[in-house]
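Let me begin by presenting the structure, written as structure tokens, before commenting on it.
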Amino acid sequence: MKIRRCLPFLLLASLPFFAAFPAHAQTAISSAYARDPQQAVDQDYTAHIRKYTTEPYFNSPLTDYLPASKTVPTPTKVLGDVSGAPGMLPYAEDVYKYFRLLAASSPRVKVYTIGRTEEGREMIAVAIADESLLAKQKDNDARLAKLADPRTINLDDKVATDLVKQSFPVYYITGTIHSPETGAPTALMELAYRLAVDDSPYIKYIRSHMIVLITPVVEVDGRDRMVDLYKWHLAHPGQNWPHLVYWGHYVAHDNNRDAMGMTLDLTRNVLNTYLGWHAQVLHDLHESVPFLYDNTVGDGPYNAWIDPILAGEWAEIGWNNVQQMTEFGMPGVFTHGDFDTWSPGYLMFLAAMHNGISRLYETFGNGGADTEKRILGPEEYERTWYKQNPPLPVVEWSQRNNNNYEETALLTTISYFAQNSPQWLENYYLKAKRSIQKPDSSGPAVYVISAEGQSASRRAELLRVLGLQHVEVSRLTEAATVTNKVTAKKTDDKDGKEKTDAKVDVPKTVTFPAGSYVIRMDQPYSRIADALLDRQYWAPDDPQKHPYDDTGWSFPDLFAVPTVRVTDPSILKAKMETVADPGAPSGALSGSGDVIAINDGGDISLLGLRYTLKDAKISVADAAFDAGGKHFAAGSLVIQNASSDAVKAAIKNADVEAMSLGSAPSVAMHNAPAPRIAMMHTWGGTQTEGWWREALDKLHVPYDYISTQTVSHEGGLRDKYDVIIFAPLGRSSTQQIVNGMPMWGNALPWQKTELTPNLTIDSTEDMRPGLGLDGVAHLQEFVKKGGLLITSEDTAQFAIEEGMAPGVFVNRGANVHVVGSVLGAQFVDHKSPVAWGYGDSLAVYSADGMAFTVGNMTVPRHVDTQKDYHRATGRGGPEEEDIPQGRTAVEPEPLPSPKPWEATPLNEEEARDNPYVIPEQYKPDVILRFTSSKGLLLSGLLEGGGAIEEKPIVVDAHYGDGNVLLFANNPIYRGETIGSYALVFNAILNFDHLAKPAAAK
Ligand SMILES: [Zn+2]
């Protein structure tokens, strides 16, 4: 890998060639961006900008110089070189140091701490504007707050118009959410300097008409790790780098998919800052596409819950941005592209769903600060109608080029924004007003979440997410009756059969009891609540054939929290009160007595309680029972010998409703010791398993974090662990899991050293080796000795291919098209502890329509069924049998008709002398299957669903004395699949009660 190291700064500055520069030729176009002729230019800095820019057309008159200041330091003060210099990447700490120097030297800059990351690193926001604006910021914010919530001004447009006239907008820019996308921090440092000191009329106009708010590093934990790796790379020239296996503490690229579930600190900190400042725009900086993709316009389908005004704003700002950059002659700038604006999971979408404007740039980056020859693919460099000046097919690209593009694009766009600031504020108000008017326009009026008859902990999680999204939650103080329109299929009454697909609205009267939770749509942030609580439909024949991300996410389905969409606006007049803190712990203990029972309603917090109350005697009920006037499902916890204060606190935090009983219930129970858990990861990728770690940590479930390499080296796993979780990796093959990365080339260490102090979470001298054959043998031994191995998606396939799941197969050859959809499933086996606490059905997240099949043999050998039989040519009608002439007819052996989720029974002939036949106690138990076609698609895209209808998706395979639990769905994903968490947790808590009864052996 070629590296162009920078010359020492002073040496370069002394070269005569760089001694002076003529002012950049001013064209008619760039006169809008004319400089102040009185302002001196920082010649040294400017010389370096030009040196590090690989071609003049990769820069613009806005950024090919730096104005000088006698009092305000340039980024060089901290960086030792200019922004975007080759070979230089600053840690977040140094970036902050510079912003604090700016704030100390310029009254136009203020720095705020906006929160901490999972690993405790600081996140900041920097406000830049004229001193006079910053001085008036509090008053301005009070006005913006009224525009943000038009209820405060009785939706009075005249008052709003006055407020708009007096107010200035806030434009929030966020950098480096994706850690290998390294350019934004230095670009934003220099941008802040320019905004603070440049006296060009257009910059003066910007800072006197708006506040620019900047969070230079969003993923701070990941940034510091990336800088470590870059330093390693500089210290090991010519070697392959270790890849950035961990970005944030939990997830990598998916940190930009958290804007729905709000599980990560960075998402919460950015939303709180965005809403706290009442900003109009959230603009996120990324790097992947040459040379600048302003994906604001993107492609369809657009999200169905945005205000149409936003689509217009995207188009206006996006195309304006492209045009300005095109006028500068900078190649490769475009705004239409393949990013569809459907899913609201992206960080920028926090603004789209909260009445602001979401924006995003993809610029071109080298994943570090090396200057590199970059070779583009035809799709990248070919001219299209929306890319008339496309990127160059081969290019020498530098981090400075990247910074030029980012800064130029931002400067032109915020200049345009400042010039038109009243328009954005008017729209900001109008979008908020329309959000409040939703019940009277598009509807619905409210969503109602029942307070009874469903899992309290799952409901608490849903309310918590709404609270984090700043959605107001109310509770009925009296029962309310509404007439809700329900869309139903028109049916013929005579024979009850569906004659037509016509949909009709059927009025249905529903009464909601007092205490029901109400999410009113007449509130400013109704849009995000509606987007999360509604269902999604992606038409299979949509012209967009490559959805950018998940197509469905309906939270009531994925959280398994029944929620009613109410269109009758009369419910808004029902008596209700606002819930002060929808995220507050909500568990409660009633009754009196020394024994405490907690119902298992498929709750997510029972497993965590086992660890929180580590000294208590906890048993699990093997069957349902009634006690204290309440019904308890199988799987309910019975707690004895616990101090009541500790139990009360734990129950409150666990969001469960518990009951004290006078004595232990008379039901079969088994002791539930705290299982010893290991989470096993590979060094190939940790993102998808990161969501599992996040869930376990949040729910107070402790585990050892080990890698496939640990398992490769250490046997005796069963002595240490009861459960090993091998969470999905994201489309890895068994070969990759076993072999790891190729062993040629240099070692790829991930270690905390003096050079790389931030490479933490786990550690290895070399990331290349995989699980190996020894590791496979150790895992097999672990399960054979009674351990539970939990697998999902690609790791389930691994367990199958390594022979640890006799009779389970991946449903191959299925021509099904699913892209991150929510699909309906039915429980097959209610007796399995895995299913305890659940009703008959459950919605699951399916990434790509994976399903299983099961059989009675360890090989997928075809066994004839009734479905395969087609009668031969012969006598009789189509339903009759042929009869050979001249002899007595013999009845054939009846062909079996198994259900799609069942194994095909073998007849005597097939089973005789067949070593592949699985003994009874090792036959797999299907726990959950997809539904039939009706109800299979709940949300998102589904095409060719016939291939997976009624096929198994959760199977408990028996291997030796232990179990392998296989998920074809991902039960723990992005904090969005709360409804399926308990499948995993039930299995862990009852790991030693999953085997078939000993009698069967
Ligand atoms: Zn990115």
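The values are calculated or read from the model by the stated rules, or taken from the named source; none is laboratory data. Everything numeric here is computed off the predicted structure, so don't read it as measured data. Virtual Cβ from ideal backbone geometry, glycine too; neighbours counted across all protein chains shown.
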Just for segment 160-181: of the residues that are within 27 Å of M521 (Cα to Cα) and part of a helix (DSSP H, G or I), which one is nearest to the ligand (Cβ to nearest atom)?
V164
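A799: in contact with a Pro (Cβ under 8 Å, 6 or more places away or on another chain), crowded, with 24+ Cβ neighbours inside 10 Å and either assigned to a loop (DSSP other than H, G, I, E, B) or of a type in the set (A, V, I, L, M) (or both), yes or no?
No.
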With the requirement that a residue be on the phi < 0 side of the Ramachandran plot and either small (G, A, S) or away from the ligand (no atom under 15 Å from the Cβ) (or both), what does segment 269-281 give you?
N269, L271, N272, T273, Y274, L275, G276, W277, A279, Q280, V281
Look through D299, D228 and report the one residue that is over 23 Å from L89 (Cα atoms), of a type in the set (D, E, K, R) and more than 13 Å from the ligand (Cβ to nearest atom).
D299
If you scan segment 182-211, which residues turn out to be closer than 30 Å to T267 by Cα, surrounded by fewer than 24 Cβ atoms within 10 Å (Cβ to Cβ) and among the acidic types (D, E)?
none
Are any residues in segment 45-75 assigned to a helix (DSSP H, G or I) and surrounded by fewer than 19 Cβ atoms within 10 Å (Cβ to Cβ), and if so, which ones?
R50, P56, Y57
Among the numbered conditions (1) touching a helix residue (DSSP H, G or I) at 6+ places or on another chain (Cβ under 7 Å); (2) under 22 Å from T363 (Cβ atoms), tell me where L101 comes up short.
(2)
Per the filter on segment 246-276, residues hydrophobic (A, V, I, L, M, F, W, C) and touching an Asp or Glu at 6+ places or on another chain (Cβ under 7 Å) are W247, M260, L264, L266
Assess whether Y250 counts as being assigned to a loop (DSSP other than H, G, I, E, B), aromatic (F, W, Y) and crowded, with 20+ Cβ neighbours inside 10 Å.
yes
How many residues does segment 130-159 contain that are over 21 Å from Y525 (Cα atoms) and not in a helix (DSSP H, G or I)?
2
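Residue by residue through segment 849-875, note down the ones that are touching a residue at least 24 places away in the same chain (Cβ under 8 Å) and surrounded by fewer than 21 Cβ atoms within 10 Å (Cβ to Cβ).
M857, T858, V859, P860, R861, V863, D864, T865, Q866, K867, D868, Y869
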With respect to T186, determine if the residue is assigned to a helix (DSSP H, G or I) and farther than 25 Å from K138 by Cα.
yes
Tell me which residues, restricted to segment 116-136, are of a type outside the set (D, E) and surrounded by fewer than 18 Cβ atoms within 10 Å (Cβ to Cβ).
R116, G120, S132, A135, K136
Within the set of pairs 6+ apart or on separate chains, which have a first residue in segment 612-634 that is among the charged types (D, E, K, R), a second that is surrounded by 15 or more Cβ atoms within 10 Å (Cβ to Cβ) and in a loop (DSSP other than H, G, I, E, B), and C-beta atoms under 9 Å apart?
K614/A674; D615/A642; K617/A642; D622/A634; D622/G635; D622/V667; D626/P665; K630/N599
Which one is nearest to V471 (Cα to Cα), of the residues in segment 232-247 that are away from the ligand (no atom under 13 Å from the Cβ) and touching a Ser or Thr at 6+ places or on another chain (Cβ under 7 Å)?
Y246
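Residues are listed down the side, and each one gets a yes or a no for (1) part of a strand (DSSP E or B); (2) farther than 16 Å from M850 by Cα; (3) modelled with pLDDT under 95:
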| position | (1), (2), (3) |
| --- | --- |
| E902 | no, yes, no |
| P905 | no, yes, no |
| N914 | no, yes, no |
| S933 | no, no, yes |
| P971 | no, no, no |
| R974 | no, yes, no |
| V984 | no, yes, no |
| I988 | no, yes, no |
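Can you tell me which residues in segment 937-973 are under 30 Å from H993 (Cβ atoms), of a type in the set (D, E, K, R) and surrounded by fewer than 24 Cβ atoms within 10 Å (Cβ to Cβ)?
E950, K951, D961
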Looking at T273, T263, can you tell me which residue is surrounded by fewer than 24 Cβ atoms within 10 Å (Cβ to Cβ) and part of a helix (DSSP H, G or I)?
T273
So is G377 out of contact with any strand residue (DSSP E or B) (no Cβ under 9 Å at 6 or more places or on another chain), within 16 Å of the ligand (Cβ to nearest atom), over 16 Å from L282 (Cβ atoms) and at pLDDT 95 or above or not?
no
Within segment 340-358, how many residues are out of contact with any helix residue (DSSP H, G or I) (no Cβ under 8 Å at 6 or more places or on another chain), in a loop (DSSP other than H, G, I, E, B) and closer than 14 Å to Y172 by Cα?
1
